[in-house]
Structure formats: structure tokens, C-alpha cells
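Visitor: The structure follows.
The values are calculated or read from the model by the stated rules, or taken from the named source; none is laboratory data. Everything quoted here is computed from the prediction, not taken from an experiment. Here Cβ is always computed from backbone atoms with ideal geometry, including for glycine, and neighbour counts include all displayed protein chains. We work out accessible area using only protein heavy atoms, side chains counted, and drop any ligands, DNA or RNA first. Shrake-Rupley method; radii C 1.70, N 1.55, O 1.52, S 1.80 Å.
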Amino acid sequence: MSLMNQMGKPKKTEITEKLRQEINRVVSKYLEQGIAELVPGVLFIDEVHMLDLECFAYLNRALESNLAPIVVLATNRGMCEIHGTDFRSPHGIPVDLLDRCMIIRTQPYSLEEVAQILAIRAQIEGISLGDDALPALAEIGGRTSLRYTCQLLTPASILSLVNGREKLTAEDVREASQIFLDAKASAALLLENGDRYIT
């Protein structure tokens, strides 16, 4: 890069702690005087078990501020290592942060709920479902995952069109599920035939 280009670029600097404190002081003053109203935002962090200790330390510190947003953490892990360490913790979250969390237990979808979600997704994607397609999709979704089954809609609909059908059938769904494996089936295949792959 030329010297002229480097000189012409604006300097980007990180916000200093001093500036951050000054901004917080001004905002707090406005709140006390009734000039401003604090409406907390929402920070949603999916796959939170992938964060490392530095990220968790930052989150812990940020949550202590009266300007902190509502933080929603999501994970599908049980006991696992905190990313980048040898420490095991529930959900891969350090215990000191976990103590500050309200844990909401979720339940797996029923087959009827899976079928409803898939029907909506197919409608959004403009995929016409035959009478036998939705039960076949819901059964696969109950056995594997909703994410996999939603992803299966597109290749199954393409197979349906290639086979000259206007509506997706259970046969198309089964054929697509044999071509495109879900994560569990793929892992089982690798374990079964591990010697055939390069390691």
C-alpha cells in the first residue's frame, strides 16, 4: 500500500476505558434528571458453549453495568469443556456466570409440532406437499432434527420435479434422505467405515 493511501485513511482507535466511563457518566446523569429513559436491548448468543474464557469474562463484566442489555444464551450441550480450557462445566459456561443465569428447560418438539413447522416452511418456500409427504418428513424430523428436515425440503422438491411430479411425495423425501445424510447417520457411517477414509 502506498504512503499516500496510508496517510489518507482515517485512524481507527479502540474506545478507551476513560471514554467509556465518561459516556456512562453522562448517560447516568441524563437518566437521573429524567432527560433520557433507558430501554435495555437484547443480546442473543447462540452456541454459547463456543465462547472462550475471555469472552465470558467480558460478558460477566458487561452484565454488571446498569446499562447492560438482557442477555439470552443458547446451547444444546450438557456437561462439556469450556472452550479453550480443560475445565468442564454445565453447558460449557463458567460457573460464576452460570450462577447469574436463569435456565429455561426446553422440550423436544412433538411429531405434530414438527409437521406444523415443516408445513409452514414448505409454504414459505413454495413447495407443494403431497398427502404422504408431511408425515414422512415429520417422522424423519422426529428421528433426526428439525434443522436437517427443513434443509431436506429443497433437494426433495428438486427430486420430485426431476421425477415429473408437481407435489412432493414420501418417496421423494425418502430418496433425498438417503442421498443427504443427517449428522448422526454421517457420524455412524464414519465410525463403521473409518478405515476407508484418510486420517
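Visitor: Which percent of the accessible heavy-atom area of the chain goes to carbon and sulfur, probe 1.4 angstrom?
Guide: Of all accessible area on the chain, carbon and sulfur atoms account for 57 percent.
Visitor: Assuming R0 = 45 Å, can you tell me the calculated FRET efficiency for the pair A183 and Q33, based on Cβ-Cβ distance, to the nearest 0.05?
Guide: 0.25
Visitor: Starting from the residue with the highest accessible area, list T199, T149, T144 in decreasing order, probe 1.4 Å.
Guide: Largest accessible area first, the residues go T199, T144, T149.
Visitor: Probe radius 1.4 Å, ligands and nucleic acids left out: which of T154, T106 has the largest accessible area, and how do the rest follow?
Guide: Largest accessible area first, the residues go T106, T154.
Visitor: Same structure, new question: Test of understanding: given the chain, find the longest segment containing no chymotrypsin sites (Phe, Trp or Tyr not before Pro) that are in a DSSP loop and have at most 16 other Cβ atoms within 10 Å.
Guide: 1-86
Visitor: Could you put M102, M79 in order of accessible surface area, largest first, with the 1.4 Å probe and the full protein assembly present?
Guide: So, going from the largest accessible area down, we get M102, M79.
Visitor: List every residue whose amide H lies under 5 Å from the amide H of L129, counting only residues 5 or more places away in sequence or on a different chain, with H placed 1.01 Å from N in the peptide plane.
Guide: When sequence neighbours closer than 5 places are left aside, the close amide H contacts are L168.
Visitor: Please calculate the 1.4 Å probe accessible area of R77, with all protein chains present, and give it to the nearest 10 Å².
Guide: Here the accessible area works out near 110 Å².
Visitor: Counting only GluC sites (Glu not before Pro) that are in a DSSP loop and have at most 14 other C-beta atoms within 10 Å, tell me the longest site-free stretch of the chain.
Guide: Counting only loop sites that pass the neighbour cut-off, the longest clear stretch is 65-124.
Visitor: What accessible surface, in Å², does a 1.4 Å probe find on S128, ignoring ligands, DNA and RNA and rounding to the nearest 10?
Guide: 60
Visitor: Moving to a separate point now. Can you send over the solvent-accessible area of L53, 1.4 Å probe, protein chains only, in Å² to the nearest 10?
Guide: In the full protein context, L53 sits at about 80 Å².
Visitor: I would also like to ask the following. Would you calculate a helix-derived [θ] at 222 nm for the chain, using -39,500 (n - 2.57) for each DSSP H run of n ≥ 4 and dividing by the full residue count, to the nearest 500?
Guide: When only DSSP H runs of four or more count, the value is -15500 deg cm²/dmol.
Visitor: Report for the chain the percent antiparallel among DSSP-assigned beta bridges with both residues inside it, nearest 5.
Guide: Just about 35 percent of them are antiparallel.
Visitor: Report the Cα centroid-to-centroid distance between segment 68-94 and segment 126-145 in angstrom, as an integer.
Guide: If we compute the Cα centre of each part, the gap is 33 Å.
Visitor: Can you tell me the mean projection area, over all orientations, of the convex hull of the chain's alpha carbons? Units nm², please.
Guide: It is 21.3 nm².
Visitor: List every residue whose amide H lies under 5 Å from the amide H of L43, counting only residues 5 or more places away in sequence or on a different chain, with H placed 1.01 Å from N in the peptide plane.
Guide: Answer set, sorted by chain and number: I70, V71, V72.
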